[in-house]
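In what follows, a single structure is set out as structure tokens and then discussed.
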Amino acid sequence: MKYIYSIVLLALCLSTRAQVFIGGKAGISLPDLKGNNEQSKEYTSTVGVNGGLFVNFPLTSSLSLQPELNFSPQGGQRKGMQSVPADNISDITLPAGVILYANFKNITILNYLEIPLVAKLVLGNRIKYYICAGPQVDFLVEAKTKTSGNSLLYFDQAGTMPLAQNGEPLPAVSFDKTTNIKESIKKVNAGFQGGAGIQYPAGPGIIFLEARAIVGCINIQTHPETDGRNKTGALAISAGYMIKLK
């Protein structure tokens, strides 16, 4: 909250001294999830929809400060043989420390309200190019996993040792399930983002197209001793429009 108050105070101070632009943007996001535990290894990007609003305060003819409020999808997906979530094997008694594997699809969905504060450097004449970078803080809105598929359970990731009873493999397990994991994810995340774009006058305002890399810098797990240490990230591509207020 201190971060938000600081942005609001800075915006009020700057708005009395400079021209102010407001705008919005929307696009696609390619989120990724990286971690050091078995269940987050080999995650790949999914595709999400991002968007947001911003206020731009010019400091000089080429440098400006831009606080934003964005919807930012994070997470990742994993397909194929992987470790099985504990809630999918609740009816099976196993020795402590034993990990089972199965062939299924697992999508982790983490949706955040993201508040970046970026500095923006603009160069060029009518067609202008810019770079931007700055810190961000994220507030968790939704956290869930979606699993799907049917598979036998295995003791090894290669799938050569099925879980069996009386010499016969146990029946395949259904993984068609959506699980709320909000309790296991920290409510606040923080990181850094930077990118580049191009902008061009259009009507009463300015149209732009940009790409940004978003990097989470802290562990998002509330129970790292069991869930490991995971961090978010994304590549966001968006188009937008901004107009001058005064």
For this session: Could you give me the residue pairs with C-beta distances under 7 Å whose first residue belongs to the stretch 45-64 and is surrounded by fewer than 19 Cβ atoms within 10 Å (Cβ to Cβ), whose second residue is modelled with pLDDT of 90 or more and in a loop (DSSP other than H, G, I, E, B) wherever it lies, and which are 6+ apart or on separate chains?
Result: none
For this session: Considering every residue within the stretch 48-67, establish whether at least one is part of a helix (DSSP H, G or I), among the small types (Gly, Ala, Ser) and either modelled with pLDDT of 95 or more or out of contact with any Lys or Arg (no Cβ under 7 Å at 6 or more places or on another chain) (or both).
Result: no
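Scan the strands (runs of 3 or more DSSP E) fully inside the stretch 121-206 and keep the ones with 1 or more residues being more than 30 Å from the chain's Cα centre (by Cα).
Correct list: 188-202.
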For this session: Can you run down the residue pairs with Cβ atoms below 8 Å, 6 or more apart or on separate chains, where the first is in the stretch 111-124 and within 15 Å of Lys25 (Cα to Cα) and the partner is β-branched (Val, Ile, Thr) and surrounded by fewer than 22 Cβ atoms within 10 Å (Cβ to Cβ)?
Result: Leu113/Val141; Glu114/Val137; Ile115/Ile4; Ile115/Ile7; Ile115/Val137
For this session: Being of a type in the set (D, E, K, R) and surrounded by 14 or more Cβ atoms within 10 Å (Cβ to Cβ) is the filter; apply it to the stretch 113-135 and report the residue that is nearest to Ala196 (Cα to Cα).
Result: Lys120
For this session: Go through (1) without any contact (Cβ under 8 Å) to a residue 12 or more places away in the chain; (2) buried (at least 19 other Cβ atoms within 10 Å of the Cβ); (3) not aromatic (Phe, Trp, Tyr) and name the single condition Leu153 misses.
Result: (1)
Exercise. Out of Glu142, Glu183, Glu114, which single residue is acidic (Asp, Glu), at pLDDT 90 or above and closer than 19 Å to Arg212 by Cβ?
Worked result: Glu114
Seminar exercise, completed: Taking the stretch 198-240 and keeping only residues that are among the small types (Gly, Ala, Ser), within 17 Å of Ile22 (Cα to Cα) and in contact (Cβ under 8 Å) with a residue 12 or more places away in the chain, one is left with Ala202, Gly205, Ser238, Ala239, Gly240
Problem set entry | Odd one out for Gly203 among (1) closer than 25 Å to Val141 by Cα; (2) modelled with pLDDT under 95 | (1)
Exercise. If Thr93 satisfies every condition in (1) surrounded by fewer than 20 Cβ atoms within 10 Å (Cβ to Cβ); (2) at pLDDT 95 or above but one, which is the exception?
Worked result: (2)
Problem set entry | All positions within the stretch 207-227 that are surrounded by fewer than 19 Cβ atoms within 10 Å (Cβ to Cβ) and either modelled with pLDDT of 95 or more or of a type in the set (A, V, I, L, M, F, W, C) (or both) | Ile207, Leu209, Ala211, Ala213, Val215, Cys217, Ile218
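Residue-by-condition table, conditions (1) in contact with a helix residue (DSSP H, G or I) (Cβ under 9 Å, 6 or more places away or on another chain); (2) among the aliphatic types (A, V, I, L, M); (3) closer than 17 Å to Asp138 by Cα:
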position: Leu209; (1), (2), (3): no, yes, no
position: Arg212; (1), (2), (3): no, no, yes
position: Cys217; (1), (2), (3): no, no, yes
position: Pro224; (1), (2), (3): no, no, no
position: Gly228; (1), (2), (3): yes, no, no
position: Gly233; (1), (2), (3): no, no, yes
position: Tyr241; (1), (2), (3): no, no, no
position: Leu245; (1), (2), (3): yes, yes, no
Exercise. What about Ile99, is it closer than 30 Å to Ala202 by Cα and either buried (at least 19 other Cβ atoms within 10 Å of the Cβ) or touching a strand residue (DSSP E or B) at 6+ places or on another chain (Cβ under 8 Å) (or both)?
Worked result: no
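The values are calculated or read from the model by the stated rules, or taken from the named source; none is laboratory data. All values derive from a computational prediction rather than experimental measurement. Cβ atoms come from the backbone with ideal geometry, glycine included; neighbour counts cover every protein chain shown.
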